[in-house]
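*Asks:* Before I ask anything, here is the structure I am working with.
The values are calculated or read from the model by the stated rules, or taken from the named source; none is laboratory data. These figures come from a predicted structure and were not determined experimentally. Cβ: placed from backbone, ideal geometry, glycine included. Neighbour counts: every protein chain shown.
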Amino acid sequence: MIGMTREAERVRIGELGKATGTTARALRHYEQAGLIFSERAANGYRVYDERTVARVRNIRHLLAAGLTLDDVQAFLPCLDGDISTAPPSEKGLRIAVERLAVLNERIAAQTEARDRLKAALDRRTAELPQPPA
């Protein structure tokens, strides 16, 4: 805990960003997506409940695993706990399988594009005059 008083239970956006390794811009984006929530302090600054630290870490964990913000929406009920050790739900597994299929398709498309580019470069470099030996 950052502190024991009611005021200390709130963190400003910069503090939340520092505690989670997240930019203020990303935090505002998560808020706009309805994944985190803030209040406004008397001075107009966004303030977050200190428990939002765990939520943001979980959001980042899911995004790093290849999920999208839309995918993360399905995990809202469990974002405040330790999702890295929680047993997966059927819905969570389905989302992960679907996302993996999308990533595999993208990787295959990128691999194909790379191979075409390499082949084109190989043909062009073979046509260049070779320097005398």
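*Asks:* So, in the stretch 77-115, how many residues would count as being part of a helix (DSSP H, G or I), of a type in the set (A, V, I, L, M, F, W, C) and in contact with a helix residue (DSSP H, G or I) (Cβ under 9 Å, 6 or more places away or on another chain)?
*Replies:* The total comes to 3.
*Asks:* Looking only at the stretch 37-63, count every residue that is in contact with a strand residue (DSSP E or B) (Cβ under 7 Å, 6 or more places away or on another chain) and in a loop (DSSP other than H, G, I, E, B) and tell me the total.
*Replies:* Total meeting the criteria: 4.
*Asks:* Of the residues 66, 17, 34, which single one is part of a loop (DSSP other than H, G, I, E, B) and touching a helix residue (DSSP H, G or I) at 6+ places or on another chain (Cβ under 6 Å)?
*Replies:* 66 is the lone residue from the list that is part of a loop (DSSP other than H, G, I, E, B) and touching a helix residue (DSSP H, G or I) at 6+ places or on another chain (Cβ under 6 Å).
*Asks:* Another question, then. Quick check on my filter: what residues within the stretch 50-83 are of a type in the set (S, T, N, Q) and farther than 13 Å from residue 29 by Cβ?
*Replies:* 52, 58, 73
*Asks:* Okay, moving on. In the stretch 79-87, is there at least one residue being farther than 30 Å from residue 15 by Cα and either loosely packed, with under 10 Cβ neighbours inside 10 Å or within 13 Å of the chain's Cα centre (by Cα) (or both)?
*Replies:* Checked the stretch 79-87: at least one residue is farther than 30 Å from residue 15 by Cα and either loosely packed, with under 10 Cβ neighbours inside 10 Å or within 13 Å of the chain's Cα centre (by Cα) (or both).
*Asks:* Quick one: residue 12 ticks every box in (1) modelled with pLDDT of 95 or more; (2) touching a strand residue (DSSP E or B) at 6+ places or on another chain (Cβ under 7 Å) bar one, so which box is it?
*Replies:* (1)
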